[in-house]
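Student: Below: one structure in structure tokens.
The values are calculated or read from the model by the stated rules, or taken from the named source; none is laboratory data. Computed from a predicted structure; not experimentally measured. For neighbour counting, all protein chains shown are included, and Cβ atoms are generated from backbone atoms with ideal geometry for every residue, glycine included.
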Amino acid sequence: MRRLLPCLAVLVCAACAPFDDPPPPATPRPRVTVPVFAPPAGFERLRLGLVPFLAKDTISAAHQRLASYLSRTLTVPVDVAVADSYSDAIERMVKGEYDLVELSPYAYAKASARVKLKCLAQTIADGSTTASGYIFVREDSPRRTMAELKGATFAFVDPVSTSGYLYARKLLKDSGLDFKNDLGRTEFLGNHEAVLLGVRDGRFDAGATYQGAFAALKRSKGIDPLTFRVIGKTPRTPRDILCVRDDMPDVVAEAITRALLALDGRERAGREILGPLNLNGFRAADDHAYDEIRRVAAELEAE
């Protein structure tokens, strides 16, 4: 019996000791929220226009969550429309068929020369607001340098593509290659995925694309990026920019900007929207960030 007394004493003391308060339940991260918006009279729908830098169905699907988010924020329906080409996106914006448009850098430079735009936000991907373009060949190609592209068949994306044409052409020129005379057959294939597949399938010796294209092709087609070899890299350029026409009411433009800047890829709610777009977020737009694009375009267009 005596042997039990110390144990009983310990139990009694433990029972008398105050219990620590249980930890509070984990608070779930809130969904992305922005101030409630009251649409001005006459603003009943937002038409979001997109450049077809990848296959049109891929682009449209990737933007559906963003469209739903903007619809909730603006309390109006948001329609997503992928243009038939880069130039088509510009034309539709000029004609007023798009209210909000996401443009690649060269397309923005061309569009802003034709119609007055309000710049809202620039995209951030891979932790940066800038990106490089690549000139590439198939991994088993005998060509390993830019100089060895002389006579090569070459796939470009679109005449208004930044990395898929403008800066690729600039890189060719700076490498001593005459775009018109030193290459073999050249074609514009419409989007970056088509260019990669054209080179992979052996229809072209080389092609031009943007920094994230290999990863995008792996996501859509399961093709290993090591199928290709990069032999040339362009200077970095600003990423895509989202704009509205200048006649868009300021209150709407500001609401869209707030909604875009509120998205943060470090938060779960932000990732749900940004993930399909392969973006980290947005930052406030700066028109002057595209001045170098304009300078390079003027240089090459003068030839």
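Student: Name the residue, out of PHE204, PHE214, that is at pLDDT 95 or above, closer than 23 Å to THR129 by Cβ, not assigned by TED's automatic domain parsing to the domain that holds LYS118 and not aliphatic (A, V, I, L, M). I'd like the intermediate steps shown before the answer.
Tutor: Details: PHE204 fails: closer than 23 Å to THR129 by Cβ.
The conditions single out PHE214.
Student: Can I ask one more? For segment 178-201, what are the residues that are out of contact with any helix residue (DSSP H, G or I) (no Cβ under 7 Å at 6 or more places or on another chain) and not in a loop (DSSP other than H, G, I, E, B)?
Tutor: Answer for segment 178-201, where residues must be out of contact with any helix residue (DSSP H, G or I) (no Cβ under 7 Å at 6 or more places or on another chain) and not in a loop (DSSP other than H, G, I, E, B): THR186, GLU187, PHE188, ALA194, LEU197, GLY198, VAL199.
Student: What about ILE223, is it of a type in the set (Val, Ile, Thr), in contact (Cβ under 8 Å) with a residue 60 or more places away in the chain and farther than 30 Å from THR75 by Cβ?
Tutor: Values: of a type in the set (Val, Ile, Thr): yes; in contact (Cβ under 8 Å) with a residue 60 or more places away in the chain: no; farther than 30 Å from THR75 by Cβ: yes.
Spelling it out, it is not the case that ILE223 is of a type in the set (Val, Ile, Thr), in contact (Cβ under 8 Å) with a residue 60 or more places away in the chain and farther than 30 Å from THR75 by Cβ.
Student: Can I ask one more? Working carefully through the options GLU292, GLU267, GLU272, GLU301, find the one that is of a type in the set (D, E, K, R) and either in the same structural domain as PRO159 (by TED's automatic domain parsing) or free of Cβ contacts under 8 Å to residues at least 12 places away in the same chain (or both).
Tutor: On the way: GLU292 fails: either in the same structural domain as PRO159 (by TED's automatic domain parsing) or free of Cβ contacts under 8 Å to residues at least 12 places away in the same chain (or both); GLU267 fails: either in the same structural domain as PRO159 (by TED's automatic domain parsing) or free of Cβ contacts under 8 Å to residues at least 12 places away in the same chain (or both); GLU272 fails: either in the same structural domain as PRO159 (by TED's automatic domain parsing) or free of Cβ contacts under 8 Å to residues at least 12 places away in the same chain (or both).
Step by step, each of GLU292, GLU267, GLU272, GLU301 is checked, and only GLU301 is of a type in the set (D, E, K, R) and either in the same structural domain as PRO159 (by TED's automatic domain parsing) or free of Cβ contacts under 8 Å to residues at least 12 places away in the same chain (or both).
Student: Which number in (1) in a helix (DSSP H, G or I); (2) buried (at least 21 other Cβ atoms within 10 Å of the Cβ) marks the one condition that GLY49 misses?
Tutor: (1)
Student: Check off (1) modelled with pLDDT of 95 or more; (2) in contact with a Leu (Cβ under 6 Å, 6 or more places away or on another chain) for SER161 and give me the number that stays unchecked.
Tutor: Here SER161 clears every test but (2).
Student: Quick check on ILE293: is it of a type outside the set (Phe, Trp, Tyr), part of a helix (DSSP H, G or I) and over 16 Å from the mean Cα position of the chain (by Cα)? Walk me through how you get there before you give the answer.
Tutor: On the way: of a type outside the set (Phe, Trp, Tyr): yes; part of a helix (DSSP H, G or I): yes; over 16 Å from the mean Cα position of the chain (by Cα): yes.
Yes: the conditions hold for ILE293.
Student: Which of the residues that make up segment 71-88 are within 24 Å of ARG258 (Cβ to Cβ) and either part of a strand (DSSP E or B) or under 17 Å from the mean Cα position of the chain (by Cα) (or both)?
Tutor: Step one: filter segment 71-88 for residues within 24 Å of ARG258 (Cβ to Cβ), giving 71-81.
Across segment 71-88, the qualifying residues are VAL78, ASP79, VAL80, ALA81.
Student: Across segment 85-96, which residue is nearest to MET248 (Cα to Cα) among those that are in contact with a strand residue (DSSP E or B) (Cβ under 7 Å, 6 or more places away or on another chain) and surrounded by fewer than 23 Cβ atoms within 10 Å (Cβ to Cβ)?
Tutor: This residue is GLY96.
Student: What number of residues within segment 202-231 are surrounded by fewer than 20 Cβ atoms within 10 Å (Cβ to Cβ) and assigned to a strand (DSSP E or B)?
Tutor: The qualifying residues number 3.
Student: I'm checking my understanding of the structure. Among residues of segment 136-185 that are buried (at least 18 other Cβ atoms within 10 Å of the Cβ) and β-branched (Val, Ile, Thr), which one is farthest from the chain's Cα centre (by Cα)?
Tutor: Checked segment 136-185; the qualifying residue farthest from the chain's Cα centre (by Cα) is THR153.
Student: Out of VAL115, VAL82, VAL78, I need the residue that is touching a strand residue (DSSP E or B) at 6+ places or on another chain (Cβ under 8 Å) and touching a residue at least 40 places away in the same chain (Cβ under 8 Å). Which one? Let's see the steps before the verdict.
Tutor: Values: VAL82 fails: touching a residue at least 40 places away in the same chain (Cβ under 8 Å); VAL78 fails: touching a residue at least 40 places away in the same chain (Cβ under 8 Å).
Step by step, each of VAL115, VAL82, VAL78 is checked, and only VAL115 is touching a strand residue (DSSP E or B) at 6+ places or on another chain (Cβ under 8 Å) and touching a residue at least 40 places away in the same chain (Cβ under 8 Å).
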